[in-house]
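Some notes on the structure that comes next.
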Amino acid sequence: MVNLNVNLGNFCLKNPVLTASGTFGFGEEYAPFIDLARLGGFVVKGTTLEPREGNPYPRMAETPSGMLNAVGLQNKGVDYFISNIYPRICDIESEIVVNVSGKCVEDYCETARRLSALDKIHAIELNISCPNVKQGGMAYGTTCEGASDVVGAVRKAWPRHLMVKLSPNVTSITDIALAVEAAGADSVSLINTLMGMAVDVERRRPCLSTVTGGLSGPAVRPVAVRMVWQVAKAVKVPVVGLGGIVTGRDALEFIMAGASAIQVGTANFLRPEATIDVLEGIIEFCERQGVKSLDEIRGII
């Protein structure tokens, strides 16, 4: 038997397989297809202080080996999650991580504060790649100062595990990772989507209503593995890797590059059972190779 337990400091998982925010709904949508209790945990869709309608359609487009999305964090707000969603998922025997976003620091903090009343939410994932209207539309996660400010503020409002999701659309992702670590992050997850664009040449217009959007899927995996490898060597907090993971072998690339755990995202749209396939692929590799614990191979690159 392989020991798949993962310790992210003050947050423990039964295995390293999580889902990526925005690709798995609130978990319950996938219950007809997989046993959610087999997952290390699942990250629910982005949650904001107030309800958001998201961007106009079309806001998704298929691309070679991936997809573009510009959904725009459509959700019904944190109070709706607390009163309507949480009671339905809180008894699932898997860790629930809430992805938190906002348009200003105060929004992030208030959302985290309200979630802190839920005793079965042991971790939040802070999305610092969303527009910040107080900084002229720039994303918090693109500057060390902006990232540090929001993480430091949320650290005071949130008493449990604080995971921070990093944007790859920066000059040096290691600098951002070091900044959020210094500000109080317990772990970092990376990468968020890469900025991309697709054109409908027949209609002579962009495929997305917003023109540009976030690129995800297998096309981004080599970039994601490289960034995880760089960040894992720079920071002392655990790293959660994501970006184009479809199989167990894909996940093992991230683990060997230094990731403590991984998230499966776009693959969930292709195969609802993708997360279980990834988990079983990791187990099969370890049993075949005689690996007793993931610690034996983590960060060996």
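Could you say whether any residue in the stretch 134-148 is in a strand (DSSP E or B) and over 28 Å from Val223 (Cβ atoms)?
Let us first name the residues in the stretch 134-148 that are in a strand (DSSP E or B), namely 139.
Those left that are additionally over 28 Å from Val223 (Cβ atoms): none.
The answer is no, given that none of the residues of the stretch 134-148 is in a strand (DSSP E or B) and over 28 Å from Val223 (Cβ atoms).
Number of residues in the stretch 27-48 that are surrounded by fewer than 22 Cβ atoms within 10 Å (Cβ to Cβ) and hydrophobic (A, V, I, L, M, F, W, C): the value is 5. Only one entry of Ala139, Ala123 meets the criterion of being modelled with pLDDT under 95, buried (at least 19 other Cβ atoms within 10 Å of the Cβ) and aliphatic (A, V, I, L, M), and that entry is Ala139. Which residue is farthest from Leu18 (Cα to Cα), if the candidates are limited to the stretch 177-202 and must be in contact with a strand residue (DSSP E or B) (Cβ under 9 Å, 6 or more places away or on another chain) and in a loop (DSSP other than H, G, I, E, B)? Across the stretch 177-202, the extreme among qualifying residues is Ala198. Within the stretch 170-190, does at least one residue satisfy the condition of being farther than 13 Å from Ala70 by Cβ, polar (S, T, N, Q) and either buried (at least 18 other Cβ atoms within 10 Å of the Cβ) or touching a Pro at 6+ places or on another chain (Cβ under 7 Å) (or both)? Yes. In the condition set (1) touching a His at 6+ places or on another chain (Cβ under 9 Å); (2) in a helix (DSSP H, G or I), Ile96 is compliant with all but (2).
Within the stretch 88-116, residues that are in contact (Cβ under 8 Å) with a residue 40 or more places away in the chain sit with their Cβ atoms under 6 Å from residues that are among the polar types (S, T, N, Q), at 6+ positions apart or across chains, in these pairs: Val98/Thr47; Asn99/Ser21; Asn99/Asn127; Val100/Thr47; Val100/Thr111; Ser101/Thr48; Ser101/Asn127; Gly102/Thr48.
For the stretch 191-205, what are the residues that are under 26 Å from Trp229 (Cα atoms) and surrounded by fewer than 18 Cβ atoms within 10 Å (Cβ to Cβ)?
Met195
Would you mind stating whether Arg88 is surrounded by 14 or more Cβ atoms within 10 Å (Cβ to Cβ) and not acidic (Asp, Glu)? No. Can you spot a residue in the stretch 36-43 that is out of contact with any strand residue (DSSP E or B) (no Cβ under 8 Å at 6 or more places or on another chain) and touching a residue at least 12 places away in the same chain (Cβ under 8 Å)? Yes, the stretch 36-43 contains a residue that is out of contact with any strand residue (DSSP E or B) (no Cβ under 8 Å at 6 or more places or on another chain) and touching a residue at least 12 places away in the same chain (Cβ under 8 Å). The residues in the stretch 72-84 that are among the aliphatic types (A, V, I, L, M) and assigned to a helix (DSSP H, G or I) can be counted, and the count is 2. Within the stretch 207-253, the residues that satisfy the criterion of being at positive phi and buried (at least 23 other Cβ atoms within 10 Å of the Cβ) are Gly217, Gly243, Gly244. Within the stretch 284-298, which residues are closer than 14 Å to Pro16 by Cα and either of a type in the set (S, T, N, Q) or in contact with a strand residue (DSSP E or B) (Cβ under 9 Å, 6 or more places away or on another chain) (or both)? Passing the criteria: Cys286, Ser293, Leu294, Asp295. Here Ile255, Ile262 are screened, and the one residue that is in a strand (DSSP E or B), in contact (Cβ under 8 Å) with a residue 12 or more places away in the chain and under 24 Å from Gln230 (Cα atoms) is Ile262.
Okay, residues lined up against (1) part of a loop (DSSP other than H, G, I, E, B); (2) touching a residue at least 40 places away in the same chain (Cβ under 8 Å):
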position	(1), (2)
Asn10	yes, yes
Phe24	yes, yes
Gly46	no, yes
Gly54	yes, no
Tyr86	no, no
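Scanning the stretch 203-234 for residues that are in contact (Cβ under 8 Å) with a residue 60 or more places away in the chain, assigned to a loop (DSSP other than H, G, I, E, B) and out of contact with any Ser or Thr (no Cβ under 6 Å at 6 or more places or on another chain) turns up Cys207, Leu208, Ser209, Thr210.
Matching residues to (1) under 15 Å from Asn10 (Cβ atoms); (2) of a type outside the set (A, V, I, L, M); (3) touching a Gly at 6+ places or on another chain (Cβ under 9 Å); (4) in contact (Cβ under 8 Å) with a residue 24 or more places away in the chain:
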| residue | (1), (2), (3), (4) |
| --- | --- |
| Met163 | yes, no, no, yes |
| Leu166 | no, no, yes, yes |
| Asn169 | no, yes, yes, yes |
| Thr174 | no, yes, no, yes |
| Val180 | no, no, yes, yes |
| Thr193 | no, yes, yes, yes |
| Met197 | no, no, yes, yes |
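The values are calculated or read from the model by the stated rules, or taken from the named source; none is laboratory data. Since this is a predicted model, take the numbers as computed values, not measurements. We place every Cβ from the backbone using ideal geometry, glycine too, and count neighbours over all the protein chains shown.
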